[in-house]
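Enquirer: The structure is given below, and queries will be raised subsequently.
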Amino acid sequence: MGSEAKHLKHKFFAMLPVLLLFFISLNGSSIIDLKFFSINIHYILVYFWVLRKPENLRYSFIFLSGIISDIVFGYPLGVNALSLLVVASVAAYVRVVTVRVTLINDWISFIPAILFANFIYFSSLYLSNYSVDYLYLFKNSIFTFVFYPVLWLIFTAMLNLTKS
Amino acid sequence: MDTRRDDVGISIRSALLDKGTKQKFSLVVLVIFSIILILTEKIESKPLNSVRSFFKDAVYRTSIVISSPLSMVSGFSIFIENHLTLSRNYNELKKENDKLKNNISKKNFLELENSQLRKLIDEQVDSDSNLLSARVMLDKQSPYLNSYIINIGSNKNIKNGMAVLSGKNFIGRIVDVNFFSSRVLLISDLNSKIPVLIEPSANHAVLSGRGVKYPTLEYLPEKHTIKDGDVVYTSGRGGIFSPGIPIGEIKIIDKIISVSLFSDLYQITFVNIHLGNLKKNN
């Protein structure tokens, strides 16, 4: 009985990133937009889990979640999916080349992930004749980077729950 | 040097091409698939549009269910806020009502005169029967796209470009039509450009969304006489919308000519779609 409860708990926490990913997409809350700043939690979620435990967050789910975000926000299909996959690609590369996991390593390597992803995001919207607020995108990138350690701590706690 | 380059190559190959544990697709395959999807977005064909419409309708319905707890919470906070400002609103409305009562006889006369003049110049006179009501299903405000999803689509003959009103005030236009839903691009969005006429100066301009509360006026003549409180209407130029639909009033903030909209875009539950000449033609 005890081991079954533990197994269920383990399974639930292992599924949590996927549930969170789809909740964020369907609820249209990938970008937390507060009065003075905004944070893209979608990027942080994808980056962290692909870097730390890709088994819990399949690439196909990331793709699907991006497509759902595109539909909810009314963008051309594939724009969000592509930028999330770019974030996942950078995370996968960093995972291959790094040995020690530290917050500083993860945090610094998150910079190219945001830059590449937002460049792709901006380019795809520009090519699809959508106007983009450049300043907003820039501020969003900076605050997403600044906010990364907070979510890193929360996700690390979640990750430890799947291990224990 | 060569060894280092080889290492980078191997790492990239390993990260992007290997499926890894529990992965069904490699990243490269999905990236290529995303690019194909973006490229096919511009292709308009009936089977493709049907598939897109089906998926969009399904996602919108699921999104309503998922967002309902959060919507209830935000609805409750708005309810409380409305009650707190009730007394102030009552006094303001009483004053406004008295003012409107005084204006009503003048307005009726002007309306009659206006319709007679329009008939004289053989222009289409629109009536309320050209409106179709719809409910706002989803109002996910993206920082980059201010839009609504409404609960009618091609099943009710909705077409791209139709004007969307809140009461009798213009708030946006249809930009995407599915079977049972459509997307309304709001006037405040960065991509929204509406030809307008400003009264009483009779200046033409383009009302341009900025992604914030107040859209601004562009392409105004150099020597315009626009001042605070002037009323902005659709001009009907370009033949997309009917002329004379009220939008808002001029509000000059820091020398920037903005428009304070008559409708609060974030408090809308029902909208009217202006069918234009469609209903009459049918």
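Enquirer: About the Cα centre, and with charges only on the beta carbon of Lys, Arg (+1) and Asp, Glu (-1), how big is the dipole of the stretch B:219-282? Nearest 20 debye, please.
Expert: 320
Enquirer: Same structure again: Based solely on its DSSP helices, what 222 nm [θ] is calculated for chain B when runs of n ≥ 4 H residues each add -39,500 (n - 2.57) and the sum is averaged over all residues, nearest 500 deg cm²/dmol?
Expert: Per the formula, -13500 deg cm²/dmol.
Enquirer: What FRET efficiency would be calculated for the residue pair residue B:227, residue A:107, taking the C-beta separation as r and a Förster radius of 60 Å, to the nearest 0.05? The partial results should precede the final answer.
Expert: Working: r = 52 Å, r/R0 = 0.87.
The computed FRET efficiency comes out at 0.70.
Enquirer: On a 0 to 90 degree scale, rounded to 10, what angle separates helix B:27-40 from the longest Cα axis of chain B?
Expert: Long axis of B:27-40 versus the principal axis of chain B: about 30 degrees.
Enquirer: Helix B:86-120: angle to the longest alpha-carbon principal axis of chain B, degrees 0 to 90, nearest 10?
Expert: Helix B:86-120 sits at roughly 80 degrees to that axis.
Enquirer: Moving to a separate point now. Rounding to the nearest 10 and keeping the result within 0 to 90°, find how far the Cα-based axis of helix A:41-52 lies from the longest principal axis of chain A.
Expert: 50
Enquirer: While we're looking at this one, here's another question. Jot down the per residue volume, in cubic angstrom and as a whole number, of the convex hull over the alpha-carbon atoms of chain B.
Expert: Output value, Cα hull per residue: 238 Å³.
Enquirer: With n ≥ 4 as the cut-off for DSSP H runs, can you work out [θ] at 222 nm for chain A, using -39500 (n - 2.57) per run divided by the number of residues, rounded to the nearest 500?
Expert: Estimated from H runs of four or more residues: -27000 deg cm²/dmol.
Enquirer: Separate question: With a cut-off of 8 Å between alpha carbons and a minimum separation of six or more residues, what is the relative contact order of chain A in percent?
Expert: 28
Enquirer: Pick from B:262, B:180, B:76: which residue has the top mean-square fluctuation in a GNM of chain B where Cα pairs under 10 Å get a spring?
Expert: B:76
Enquirer: Ordered by residue, what ³J(HN,Hα) values in Hz, to whole numbers, does the stretch B:205-212 give under the Karplus form 6.51 cos²θ - 1.76 cosθ + 1.60, where θ = phi - 60° and Gly and Pro are x?
Expert: Each residue of the stretch B:205-212 in turn: 7, 10, 8, 10, x, 10, x, 10 Hz.
Enquirer: Hey, got the average number of other protein chain Cβ atoms within 10 angstrom for residues in A:76-85?
Expert: 6
Enquirer: Moving on to the next point. Cα-Cα pairs above 43 Å in the protein assembly as shown: how many percent?
Expert: For the protein assembly as shown, the share of Cα pairs beyond 43 Å comes to 25 percent.
Enquirer: If the elastic network links every pair of Cα atoms under 10 Å, which of B:11, B:235, B:74 fluctuates the most in the Gaussian network model of chain B?
Expert: B:11
Enquirer: Here is a follow-up. Under the definition of Cα pairs under 8 Å and six or more residues apart, what whole-number percent is the relative contact order of the stretch B:129-282?
Expert: Across the stretch B:129-282, relative contact order equals 25 percent.
Enquirer: To continue, here is another question. HN-Hα J couplings of the stretch A:146-153 from phi, Karplus 6.51/-1.76/1.60, θ = phi - 60°, integer Hz, Gly and Pro as x?
Expert: Calculated HN-Hα couplings, in order: 4, 7, 3, x, 4, 5, 4, 5 Hz.
Enquirer: Using a 10 angstrom cutoff on alpha carbons, build the Gaussian network for chain A and name the most mobile of A:141, A:83, A:128.
Expert: Among A:141, A:83, A:128, the largest GNM mean-square fluctuation belongs to A:128.
Enquirer: A further question on this structure: Across the Cα atoms of the stretch A:2-163, what radius of gyration and what greatest pairwise Cα-Cα distance (Dmax) are found, in Å?
Expert: 15.8, 57
Enquirer: Once you keep just the Cα pairs under 8 angstrom separated by 6 or more residues, what percentage relative contact order results for chain B?
Expert: 14
Enquirer: Let me ask you something else. Enumerate the calculated ³J(HN,Hα) couplings along the stretch A:102-112 in order (Karplus 6.51 cos²θ - 1.76 cosθ + 1.60, θ = phi - 60°), each rounded to whole Hz, writing x wherever the residue is Gly or Pro.
Expert: Whole-Hz 3J(HN,Hα) from phi for the stretch A:102-112: 9, 4, 4, 4, 4, 5, 5, 6, 6, 4, x.
Enquirer: Using modelled backbone amide H atoms (1.01 Å from N, in-plane), which distant-in-sequence or interchain residues come within less than 5 Å of residue B:171's amide H?
Expert: Amide H neighbours of residue B:171, under 5 Å, 5+ apart: B:164, B:165, B:166.
No value in this document is a laboratory result; all are computed from the given coordinates. All values reported here derive from a predicted model rather than from experimental measurement. A quick note on method: Cβ atoms are made from the backbone with ideal geometry, for glycine too, and the neighbour counts reach across all protein chains shown.
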